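To start, the structure under review is shown below, and the notes come after it.
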Amino acid sequence: MAVVPLPELQRLAQNLANERHDSFSERALSRAYEEYLARRRTPIAPFRLRVGKKEYATFYDLLADPKLPVAPVEMWLDPPAPAGAAWEFLRPFERMTVDEEGIGEIYPGGKTAPVRTVERFLLREHYLPRSRAEEDRAAAGGARITLPTFLDSLKGGMQVCRSRGLLPFCVAVLSYYPDERVAYELDLVRSLLLADPRAGRLPAQRYVRRSARLSWHVDQVVGQGEMPLLASRVLQVLVESPGLTAVEVAHVFGGVRELMDSALQGLAARGLVTFDRRTGVYRPRLDAFAPASTPSESRAPEPPVQGANPALRTSVQELLAAADARAACPLCGSPLPPGHQGILCEKCQAVVSAA
C-alpha cells in the first residue's frame, strides 16, 4: 500500500496556494497529514485512475495536471475485491467512470451491464492552506474562510481544489442509483476504497434503505459544511436506520460514548434528530430534510400528543417526507410528481440514459 509522501503534498500546496502556503501553513499541513495517517479505516481494495489513455498514480497527480479532465475519469479496483462482508452497506463494483458534469457508469463486474448514476462528491477530511496572516485575522474576529463540502460535479470539485489550494485527504463519492444513494469513501492519501464504518459493527437488519431523493436532501444539509465531521457521519448513519442509541453509534465509529453523546445532542439541537428518553434511542427527523414549502403551503406544527409512541411518531414523519410532492429535479429544477422514487425527472433520466 503506497502512501503519498508529505513532501509531494507540500509541493502541490505551494503550487496551488502560492504565498498562502507559508512556513506556518507548511507546519499545519504536516500536523494534519500525520493526524490523518494515524486514523486507519478498513480497506476494501486499492484503486487506480485514468483519463482517456493517460493513467495517474494518485489523485494528486491528476490534481497537479494543468488541464482539467475533458474525458471521463475512470476509477478501477486493482485488484478487484470479491463480494463479501467487506461490501456490507455498499454495492460491489469493479470500476466506475465519471464525466466532468458528474454523470457516471458503475460496472458491477462479470457480464452484468453497467448502471447509469449521478455522481456527486462530499469532502470528508482535507487541508486548506492558511497563512499566518490569515490565521491572525480570523483569531481577531475577521472573516473566516467558508468551504462548502458538497461538490456538485467532478469539474466543479477540481476547480475548487485548484483555486483554493485545497488538498482532499478523504472524499465520499455519492452515487445516486435510480432507487438509492450509495456513498463510496476514498482514502486519497493511500489510494484505497474504504469499507463502510457500519460493516461488521451494525447488523444488516438495522439498515433502512432510503430513496435517492431523500438522500439527496440529506447530503445537501451535510454538504453545507456547518457541522463537525463526526456529527455529519453520525447523521447519515442515523438516517439509514430506524434509530440508534449512543452506545450503538459509539460501536460503529469506535469512539468513546461521551464524544458520541455530544455529536448526537448537537444534531438534536439542530432539529435533525429526536431523542426518546425512555429508551435512549435517537431517531432521524426525516421531515427536516424535505424541501422548504412556500409560505402559502406551509403547515402549522401539530401539537404534541400526550403519551404518543415515539416510534409511531417517527413513522408518520417518514411517510410525510416520502410523500412530499414538492421535490425538484437537481439537474433542471422541474418539480417531481408525487410518489416519484428516482432522483431525476423522467426527461433528465432519459438524457442521462442516452448519453
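Yes or no: Ala263 within 21 Å of Cys170 (Cα to Cα) and crowded, with 21+ Cβ neighbours inside 10 Å?
yes
Please name all residue pairs, on different chains or six or more residues apart, with Cβ atoms under 8 Å, provided the first residue is in the range 171-200 and is without any contact (Cβ under 8 Å) to a residue 40 or more places away in the chain and the second residue is small (Gly, Ala, Ser) and open to solvent by 10 Å² or more (accessible area, probe 1.4 Å).
Between residues of the range 171-200 that are without any contact (Cβ under 8 Å) to a residue 40 or more places away in the chain and residues that are small (Gly, Ala, Ser) and open to solvent by 10 Å² or more (accessible area, probe 1.4 Å), the close pairs are Glu180/Ser211.
Specify the residue that is nearest to the chain's Cα centre (by Cα); the eligible residues are those in the range 22-53 that are basic (Lys, Arg) and open to solvent by 70 Å² or more (accessible area, probe 1.4 Å).
Of the residues in the range 22-53, the ones basic (Lys, Arg) are 27, 31, 39-41, 48, 50, 53.
Then drop every residue that is not open to solvent by 70 Å² or more (accessible area, probe 1.4 Å), which leaves 27, 31, 39-41, 48, 53.
On the way: Arg27: 28, Arg31: 24, Arg39: 18, Arg40: 18, Arg41: 16, Arg48: 20, Lys53: 29 Å.
Among those residues, the one meeting the criterion is Arg41.
Starting from the range 111-131, take each residue that is over 15 Å from Cys161 (Cβ atoms) and list its partners that are hydroxyl-bearing (Ser, Thr, Tyr) and in a loop (DSSP other than H, G, I, E, B), counting only C-beta distances under 7 angstrom and pairs at least six apart or across chains.
Sorted first by the residue in the range 111-131, then by its partner, the pairs are Val115/Tyr177; Thr117/Tyr177.
Could you list, in sequence order, the residues of the range 233-258 that are surrounded by fewer than 15 Cβ atoms within 10 Å (Cβ to Cβ) and part of a helix (DSSP H, G or I)?
Val247, Arg257, Glu258
Looking only at residues in the range 95-113 that are part of a strand (DSSP E or B) and hydroxyl-bearing (Ser, Thr, Tyr), which one is least open to solvent (accessible area, probe 1.4 Å)?
Among residues in the range 95-113 that are part of a strand (DSSP E or B) and hydroxyl-bearing (Ser, Thr, Tyr), the one least open to solvent (accessible area, probe 1.4 Å) is Thr97.
Please specify each residue of the range 181-193 satisfying the condition of being in a loop (DSSP other than H, G, I, E, B), of a type outside the set (S, T, N, Q) and open to solvent by 10 Å² or more (accessible area, probe 1.4 Å). So that I can check it myself, show each step before the final result.
Keep residues of the range 181-193 that are in a loop (DSSP other than H, G, I, E, B), which gives 188-191.
Those left that are additionally of a type outside the set (S, T, N, Q): 188-190.
Selection gives Arg190 alone.
Could you say whether any residue in the range 117-127 is assigned to a loop (DSSP other than H, G, I, E, B) and either open to solvent by 20 Å² or more (accessible area, probe 1.4 Å) or at pLDDT 90 or above (or both)?
Looking for residues that are assigned to a loop (DSSP other than H, G, I, E, B) and either open to solvent by 20 Å² or more (accessible area, probe 1.4 Å) or at pLDDT 90 or above (or both), one finds none in the range 117-127, hence no.
Give me the residue from the range 209-232 that is among the charged types (D, E, K, R) and out of contact with any helix residue (DSSP H, G or I) (no Cβ under 7 Å at 6 or more places or on another chain) and, out of that set, surrounded by the fewest Cβ atoms within 10 Å (Cβ to Cβ). Lay out the reasoning, then the answer.
Here is the first cut: in the range 209-232, the ones among the charged types (D, E, K, R) are 209-210, 213, 219, 226.
Subset that is out of contact with any helix residue (DSSP H, G or I) (no Cβ under 7 Å at 6 or more places or on another chain): 209, 213, 219, 226.
Numbers: Arg209: 9, Arg213: 26, Asp219: 22, Glu226: 13.
Selected residue: Arg209.
So Val249 passes all but one of these: (1) modelled with pLDDT of 90 or more; (2) over 21 Å from the mean Cα position of the chain (by Cα); (3) within 30 Å of Tyr127 (Cα to Cα). Which condition number does it fail?
All conditions pass for Val249, except number (2).
Mind checking which residues of the range 157-170 are outside any strand (DSSP E or B) and either touching a residue at least 40 places away in the same chain (Cβ under 8 Å) or aromatic (Phe, Trp, Tyr) (or both)? Walk me through it before giving the result.
The first filter runs over the range 157-170 and keeps only residues outside any strand (DSSP E or B), leaving 157-166.
Passing the criteria: Met158, Gln159, Cys161, Arg162, Arg164, Gly165, Leu166.
Any residue in the range 194-208 that is at pLDDT 90 or above, part of a loop (DSSP other than H, G, I, E, B), open to solvent by 30 Å² or more (accessible area, probe 1.4 Å) and closer than 30 Å to Gln349 by Cβ?
Yes, the range 194-208 contains a residue that is at pLDDT 90 or above, part of a loop (DSSP other than H, G, I, E, B), open to solvent by 30 Å² or more (accessible area, probe 1.4 Å) and closer than 30 Å to Gln349 by Cβ.
The values are calculated or read from the model by the stated rules, or taken from the named source; none is laboratory data. This one's a predicted model, so the numbers in the text were calculated from it and none came from an experiment. Here Cβ is always computed from backbone atoms with ideal geometry, including for glycine, and neighbour counts include all displayed protein chains. Quick note on the areas: whole protein, heavy atoms, side chains included, nothing else; ligands and nucleic acids left out. Shrake-Rupley method; radii C 1.70, N 1.55, O 1.52, S 1.80 Å.
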